[in-house]
Every structure is written in C-alpha cells, then in structure tokens.
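Enquirer: If you scroll down you'll find the structure; I have some questions about it.
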Amino acid sequence: MRKQIAAANWKMNLTLQQGETLLDEITAAGIALASNQQVIFAVPSPYLPMAEARLGSFADFDASAQNIYHKESGAYTGEISAAMLVSLGIKFVVIGHSERREYFSESNADLAAKVDIALKHELTPIFCCGEPLEIREKEGQNAYVAKQLEESLFHLSADDIKKVVIAYEPIWAIGTGRTASTEQAQEIHAYLRSVIAKKYSDAVAGEISILYGGSVKAANAVELFSSPDVDGGLVGGASLIPAEFIAIIKALK
Ligand code: PEP
C-alpha cells in the first residue's frame with residue numbers, strides 16, 4: 001500500500017533554535033503513525049544533522065533536504081551532493097520545487113538529472129510539479145504537469161519511478177492562502193496517476209504517493225486528504241506552526 005505522507009517544507013525560515021523548538025513541540029505530541037504513514041521535515045541544509053538527531057528515535061519521522069546538485073562532487077561551490085546527504089543519514093530530498101524552478105531557473109532536464117543522482121544514492125526524491133495561474137486559467141494544467149513528469153521522470157524504469165514521491169503543487173496556491181478545491185486536487189491527482197499508468201502500468205501508478213501542496217492547513221487537510229488520489233500534503237507556511245502541522249499529520253488517511 002502506498003504511503004500517506006505529511007511533508008513540511010520550512011524553506012528559508014527559522015533559526016536553528018526555532019527549528020529545534022518546532023521539532024520538539026511536534027514530536028512531544030506523541031503521534032503514533034499507522035504503518036502506511038510517514039512524516040517528513042524538509043529543513044534548511046545546515047539544520048539536517050540537528051533534525052536527524054532529534055527525529056532519529058521517532059519511527060517514520062524523517063528529515064529531508066530541500067535541494068541537491070546533480071554532480072557527484074567537485075568544484076561546485078555552495079552546492080550539496082547526494083553523497084553528502086547520505087553521509088548525514090538523510091533519506092529524502094525535495095526536487096523541483098516551483099521556487100527553485102522560478103528563482104534558480106531549474107528546467108525539467110536539470111530536474112531529471114537531480115532525480116537520477118538522488119536515486120543512484122538511494123535517496124527518495126519528492127518531485128514537485130504544478131502549473132502557474134495563467135495556465136490554469138486557460139485550463140492547460142493537465143498538459144503542463146504531464147510534460148513535467150514526462151521530461152523529468154519518464155526516462156526512469158518502472159522499478160525506479162516507484163521510488164519517487166510526487167508533490168502536485170499549483171503555483172497559484174503556494175503561499176497565497178488560495179487552495180485548490182478538493183475536487184480540483186482529486187481531478188488532477190487522478191489525471192497524473194492515469195498518465196503514469198499509461199506510461200508504466202496501473203500497478204506502478206497505484207504504488208506512487210502523490211501529495212498535494214498549496215496552502216494546506218489544519219482547516220482544510222482532512223477534506224483534501226480524504227480524496228482517493230491525494231496521499232497527503234507538502235506544507236509550507238502551516239508547517240511552521242506546531243498545532244497546525246500536528247493537526248495536518250493527524251489528518252492523514
Ligand atoms: C510549499 O512550500 O511547497 C507550499 C505548498 O507552501 P504553502 O503551504 O505555504 O502554500
């Protein structure tokens with residue numbers, strides 16, 4: 001059975017001490033996850049050892065990197081390699097967040113290379129896709145996100161694509177307070193799954209977790225996650241507030 005996942009994306013927020021307090025408050029809630037559930041914290045890179053240390057004793061609570069570089073090692077000042085993440089005990093990495101695509105010009109081809117190096121090092125990519133507002137207004141979202149999957153993921157074998165977590169994040173809903181409706185989320189998640197099924201098989205598509213991201217909060221998580229093809233959420237703003245993120249974890253199916 002595919003995993004239901006609550007993933008926090010702290011982005012470039014919080015001091016180390018604030019991050020420690022946030023993790024301590026969330027883990028102190030004593031949430032017992034079901035065997036199909038997983039909680040992930042994508043923290044700023046300097047905080048990865050702290051997060052790993054704090055989460056280590058909580059089963060299925062894990063830290064994640066927010067980005068990775070596609071080269072093995074070398075003269076790439078400021079970048080972080082897959083091997084470095086693995087050496088810290090990290091198992092997850094967010095790849096292709098819309099902010100990376102927009103502010104750092106990461107293309108679908110760049111992201112394919114990042115997915116490849118992550119999988120080579122047995123890191124689980126949390127691959128983000130999603131359309132901007134002007135595409136949604138023209139009802140072009142399905143073709144837009146299908147192209148993102150085709151160009152960044154569909155070179156993978158069936159065995160490898162099953163290791164990827166997909167996060168559908170409509171850009172118009174990220175940090176805007178504007179959420180896709182439950183129907184909009186279910187519709188495009190089901191579409192993404194059908195595209196994967198067509199390329200691979202129903203069985204492969206059925207094993208891939210597809211998270212929704214875009215202004216998820218305690219007040220809408222239960223409804224969003226109740227959709228059959230929505231396997232949890234990637235959460236920015238609300239993941240910085242302990243009570244909000246605790247409620248979001250508890251909203252997982
Ligand atoms: C995100 O950062 O991926 C995100 C979805 O942010 P927010 O929840 O704040 O919209």
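Enquirer: Under 8 Å between Cβ atoms, at least 6 apart or on separate chains: pull out the pairs that start in region 154-168 with a residue that is touching a residue at least 12 places away in the same chain (Cβ under 8 Å) and end on any residue that is part of a loop (DSSP other than H, G, I, E, B) and open to solvent by 20 Å² or more (accessible area, probe 1.4 Å).
Expert: 158/200; 158/201; 161/154; 161/200; 165/3
Enquirer: Scan region 111-140 for residues that are farther than 18 Å from residue 157 by Cα and surrounded by fewer than 19 Cβ atoms within 10 Å (Cβ to Cβ) and jot them down.
Expert: 132, 133, 134, 135, 137, 138, 139, 140
Enquirer: Scanning for something of a type in the set (Asp, Glu) and within 11 Å of the ligand (Cβ to nearest atom), does region 207-215 turn up at least one residue?
Expert: So far as region 207-215 goes, no, none of its residues is of a type in the set (Asp, Glu) and within 11 Å of the ligand (Cβ to nearest atom).
Enquirer: Which residues, taken from region 216-228, are without any contact (Cβ under 8 Å) to a residue 40 or more places away in the chain and more than 11 Å from the ligand (Cβ to nearest atom)?
Expert: Across region 216-228, the qualifying residues are 218, 219, 222.
Enquirer: Still on this structure, I have one more. Considering only residues that are under 28 Å from residue 217 (Cα atoms), open to solvent by 20 Å² or more (accessible area, probe 1.4 Å) and either within 13 Å of the ligand (Cβ to nearest atom) or part of a helix (DSSP H, G or I) (or both), which ones fall in region 142-171?
Expert: Of everything in region 142-171, those that are under 28 Å from residue 217 (Cα atoms), open to solvent by 20 Å² or more (accessible area, probe 1.4 Å) and either within 13 Å of the ligand (Cβ to nearest atom) or part of a helix (DSSP H, G or I) (or both) turn out to be 142, 143, 144, 171.
Enquirer: Among all residue pairs at least 6 apart or on different chains, which show Cβ distances below 7 Å where the first residue, located in region 229-240, is part of a strand (DSSP E or B) and within 8 Å of the ligand (Cβ to nearest atom) and the second is among the acidic types (Asp, Glu) and modelled with pLDDT of 95 or more?
Expert: 234/169
Enquirer: Mind telling me which of the residues 134, 207 ends up being modelled with pLDDT of 95 or more and more than 15 Å from the chain's Cα centre (by Cα)?
Expert: 207
The values are calculated or read from the model by the stated rules, or taken from the named source; none is laboratory data. Only a predicted model underlies this, so the values are computations on that prediction, with no experimental measurement involved. Cβ sites come from the backbone with ideal geometry, for glycine too, and all protein chains shown count toward neighbours. The protein model used for the area step is the full one, side chains on, heavy atoms only, and it has no ligands, DNA or RNA in it. Shrake-Rupley method; radii C 1.70, N 1.55, O 1.52, S 1.80 Å.
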